[in-house]
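Chemist: Could you have a look at this structure, given as structure tokens, before my questions?
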Amino acid sequence: MRRVANHRLFWNTDPLARFKGETPPKAPRRQQRNLHNFDAKKWTETAHKIDEVLNAWEKAVKGADDKKLQEWASAITHIGAHNAYHTGQIIYIRRVQGSWDPRRG
């Protein structure tokens with residue numbers, strides 16, 4: 001689950017930077033080594049960062065002009081599908097672990 005969460009974080013942050021004309025972050029080599037150091041606090045922090053980057057995507061898309069949206073339509077669609085796929089993975093893993101609380105979503 002931790003790898004999926006960090007994967008989602010990177011693959012939302014990188015294209016968002018490109019969409020905004022910023023320099024994307026470096027590939028997470030160091031992050032790969034730290035994946036085994038993942039506790040409840042880090043899970044909460046990572047989940048919060050994912051939420052932040054998805055909110056930033058929403059804001060960036062709302063503020064983009066039609067030309068930019070046309071240029072990025074395929075990538076934005078892929079990002080949405082990619083997020084849905086990995087969200088499903090995380091939910092499944094948490095249910096199997098017994099750490100999924102359906103009341104909290």
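The values are calculated or read from the model by the stated rules, or taken from the named source; none is laboratory data. Worth saying up front: this structure is predicted, and the values here are computed from it rather than measured. In this analysis, Cβ positions are derived from the backbone assuming ideal geometry, glycine residues included, and neighbour counts consider all displayed protein chains.
Chemist: Which is β-branched (V, I, T), touching a Leu at 6+ places or on another chain (Cβ under 9 Å) and over 17 Å from L9 (Cβ atoms), of V96, V61?
Modeler: V61
Chemist: With the requirement that a residue be surrounded by fewer than 14 Cβ atoms within 10 Å (Cβ to Cβ) and of a type outside the set (V, I, T), what does the stretch 79-100 give you?
Modeler: Those that are surrounded by fewer than 14 Cβ atoms within 10 Å (Cβ to Cβ) and of a type outside the set (V, I, T): G80, A81, A84, Y85, G88, Y92, R95, Q97, G98, S99.
Chemist: Sticking with this one: Among the residues in the stretch 25-33, are any surrounded by 11 or more Cβ atoms within 10 Å (Cβ to Cβ), modelled with pLDDT under 95, closer than 23 Å to I91 by Cα and over 9 Å from the mean Cα position of the chain (by Cα)?
Modeler: yes
Chemist: Go through (1) at pLDDT 95 or above; (2) assigned to a helix (DSSP H, G or I) and name the single condition E22 misses.
Modeler: Single failed check for E22: (2).
Chemist: Let me ask something additional. Among the candidates A56, A73, A47, single out the residue that is at pLDDT 95 or above, under 19 Å from N6 (Cβ atoms), assigned to a helix (DSSP H, G or I) and of a type outside the set (D, E).
Modeler: Selected residue: A56, the only one of A56, A73, A47 that is at pLDDT 95 or above, under 19 Å from N6 (Cβ atoms), assigned to a helix (DSSP H, G or I) and of a type outside the set (D, E).
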